[in-house]
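Undergrad: Have a look at this one.
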Amino acid sequence: VRLEVPPGEAFKTRESWARLTDEMLAAGCGRDTTVIALGGGVVGDLAGFVAATFMRGVPVVQVPTSLLAMVDASVGGKTAVDTPAGKNLVGAFHPPAAVVIDPFVLRTLPVGELNAGFAEVVKHGVISDTSYLRRVTDLLSSLPGGGGTPPPADDHTWGAIEEVVAGSVAIKARVVAADEREGGMRKILNFGHTIGHAVESLSGYALRHGECVAIGMVVEAAAGERAGVTEPGTAAAVRDVVRLAGLPDQVPATMAPEAILAATRGDKKARAGAVEYALPERVGAMASAGGRWSVPLPDRVVVEALERGA
Ligand SMILES: NC(=O)c1ccc[n+]([C@@H]2O[C@H](COP(=O)([O-])OP(=O)(O)OC[C@H]3O[C@@H](n4cnc5c(N)ncnc54)[C@H](O)[C@@H]3O)[C@@H](O)[C@H]2O)c1
Ligand SMILES: [Zn+2]
């Protein structure tokens, strides 16, 4: 059976979960069912959560069609729906039986969505691999006018996109395999996300996740430099790649640094008052902080980084 969901985060809900589950039951699906999640990250998270709970759990095959879903959402086994209290608050770990990716489907993805996906691609390079980041930079430079334009139809570009997608999946898979339930090393994937989530929620979700992560990576790297954790020049290097991807590198002028700081305290990753940041030591390596992979930063340092940027 083929079940559909209208596009948009607004449909990643318990109501959609209930409707899809009911439709599967009505169609006579049983324990031998496999769910195939064909779509962006919204579909992947929603269908993954349906699969995690249907008959106490049936396999899911992820077939991501957005860049973000290919390089991030489909890898790692997190599934969830949103509630009025916040995003991804109800869900389950349910690793896919398989992930099938055909990068060529990206040719129809709106360019703003493509660029937003590149934020996570850039993140993967910054947190673990300078030579991979160089390949990403080469690809972004070869797209006419950098980010903001649809990729040309030539084989060379698509070959490069395929390589970058494969490289990004491999990096996320390696990090997740080392730490499935976010006890330690997996925290490096949160780079850019503490500030990013704060900006995203203050924008009322008007900015895309990837756009906010792009801003977050630049600000957090700058904060890391100020705290003496991050090698000087790292934030500027991150900013340059972010710009190349057609992504914003500064917090919107309408957002006060204090408001962003306050919003970071609402983040799931905040523990006992101190807000922790996953920070690069330099491009290609994250600060291990004695195996905790996150560092508490003084408010003053964060505010200065928000005000001055890279
Ligand atoms: N589970 C995880 O680990 C994880 C990680 C990151 C993000 N996510 C989740 O992923 C979601 C965001 O995913 P997203 O950025 O893919 O958004 P999305 O699923 O809303 O897709 C973006 C838009 O692109 C459209 N689209 C998708 N593929 C297309 C294609 N090939 N051609 C044309 N249009 C296409 C969609 O219909 C949608 O309108 C969020 O809900 C987020 O919480 C989950
Ligand atoms: Zn993200």
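The values are calculated or read from the model by the stated rules, or taken from the named source; none is laboratory data. On a predicted model such as this, the values are computed, not experimentally measured, just so you know. Cβ coordinates were reconstructed from backbone atoms using ideal geometry, including for glycine residues, and neighbour counts include every protein chain displayed. Only protein heavy atoms, including side chains, enter the accessible area calculation; ligands, DNA and RNA are left aside. Shrake-Rupley method; radii C 1.70, N 1.55, O 1.52, S 1.80 Å.
Undergrad: Suppose R0 equals 45 Å. What FRET efficiency, 1/(1 + (r/R0)^6) with r the Cβ-Cβ distance, do Val100 and Ala259 give to the nearest 0.05? Present the calculation step by step, with values, prior to reporting the outcome.
TA: Working: r = 42 Å, r/R0 = 0.93.
E between Val100 and Ala259, to the nearest 0.05, is 0.60.
Undergrad: Still on this structure: Considering only protein heavy atoms, what per residue accessible area in square angstrom results for the stretch 89-198 with a 1.4 angstrom probe?
TA: Numbers: 4680 Å² over 110 residues.
The answer is 43 Å² per residue.
Undergrad: To test your reading of the geometry: what angle, between 0 and 90 degrees and rounded to tens, separates the Cα axis of helix 209-226 from the longest principal axis of the chain?
TA: Result, in degrees: 30.
Undergrad: Ranked from highest to lowest mean number of other Cβ atoms within 10 Å per residue, what is the order of the peptides 224-232, 187-195? Write out the running numbers ahead of the final one.
TA: Numbers: 224-232: 18.3, 187-195: 25.3.
Going by the mean number of other Cβ atoms within 10 Å, highest first, we get 187-195, 224-232.
Undergrad: Moving on to the next point. Roughly how many debye, to the nearest 20, is the charge dipole of the stretch 1-111 about its Cα centre, given +1 on each Lys and Arg Cβ, -1 on each Asp and Glu Cβ, and no other charges? Intermediate results must be reported in sequence, preceding the final value.
TA: Details: 9 positive and 10 negative charges, 26 e Å.
Roughly 120 debye for the stretch 1-111.
Undergrad: Points 7 angstrom from Cα along the Cβ direction at Thr34 and His156: gap in nanometres?
TA: Output for this residue pair reads 3.9 nm.
Undergrad: Using a 1.4 angstrom probe, figure out how much accessible area the stretch 1-54 has per residue, in square angstrom, rounded to the nearest whole.
TA: Ligands and nucleic acids excluded, the result is 55 Å² per residue.
Undergrad: Sticking with this structure for a sec: Quick check for you: with a 1.4 Å probe and neighbouring chains kept, what is the accessible area per residue of the stretch 225-310, in Å²? All intermediate terms of the calculation are to be shown ahead of the outcome.
TA: Values: 4230 Å² over 86 residues.
I get 49 Å² per residue for this part.
Undergrad: Give the long-range amide H neighbours of Glu276: residues separated by 5 or more places, or on another chain, with amide H under 5 Å away, using H modelled in the peptide plane at 1.01 Å from N.
TA: Long-range HN contacts for Glu276: Arg271.
Undergrad: Provide the gained length on full extension for the span Leu3 to Ala26, in nm with one decimal, where the gain is 0.36 nm per separating residue minus the Cα-Cα distance. Each step should come with its number before you reach the end.
TA: Numbers: separation 23, 0.36 × 23 = 8.28 nm, distance 1.18 nm.
Fully extending the segment from Leu3 to Ala26 adds 7.1 nm.
Undergrad: Relative to the first principal axis of the alpha-carbon coordinates of the chain, what is the inclination of helix 299-308, with its axis defined by its Cα atoms, in degrees from 0 to 90 and to the nearest 10?
TA: 90 degrees
Undergrad: Still on this model: Percent relative contact order of the chain, based on C-alpha pairs within less than 8 angstrom and at least six residues apart?
TA: Working: 569 pairs, mean separation 46.4, N = 310.
Value for the chain: 15 percent.
Undergrad: Kindly state, to the nearest 0.05, the FRET efficiency for Ala173 paired with Ala85, given R0 = 25 Å and r defined as their beta-carbon distance.
TA: Values: r = 31 Å, r/R0 = 1.23.
Result of the calculation: an efficiency of 0.20.
Undergrad: Out of the total accessible area of the chain (probe 1.4 Å, heavy atoms of protein only), what percent is carbon and sulfur?
TA: Working: 7580 of 13720 Å².
The C+S portion of the solvent-accessible surface of the chain is 55 percent.
Undergrad: Tilt of helix 193-202 relative to the longest C-alpha principal axis of the chain, in degrees (0 to 90, nearest 10)?
TA: Helix 193-202 sits roughly 80 degrees off the main axis of the chain.
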